[in-house]
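One structure below.
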Amino acid sequence: MTTTDPTKKSSEAATDEEALQARRDKDQHDHDDARVDEWEDESFPASDPPSNY
């Protein structure tokens with residue numbers, strides 16, 4: 001009979017959660033960055049304020 005180390009499973013789960021959270025953070029950053037780029041494009045020329053103000 002083999003026993004498994006429960007701490008190994010929980011550390012692997014933590015690593016998976018950290019990887020998932022990192023992916024979510026990157027996706028959110030990319031989304032926010034795309035919104036800023038869109039606002040920048042919409043504000044051309046600089047004399048016109050962005051429509052989201």
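No lab work stands behind these numbers, since they all come straight from the coordinates. Remember, predicted model here, so these are calculated numbers, not experimental data.
Stretched out straight at 0.36 nm per residue, the stretch from L20 to E40 would grow longer than its current Cα-Cα span by 4.2 nm. A simple rule links phi to the HN-Hα coupling: the Karplus curve 6.51 cos²θ - 1.76 cosθ + 1.60 with θ = phi - 60°, which for the range 12-28 gives 5, 5, 5, 5, 4, 5, 5, 5, 5, 5, 4, 5, 4, 4, 5, 4, 5 Hz, with x for Gly and Pro.
Per-residue Karplus couplings for the range 33-41, computed as 6.51 cos²θ - 1.76 cosθ + 1.60 with θ equal to phi - 60°, are listed in order as 5, 5, 5, 5, 4, 5, 4, 4, 5 Hz, Gly and Pro entered as x.
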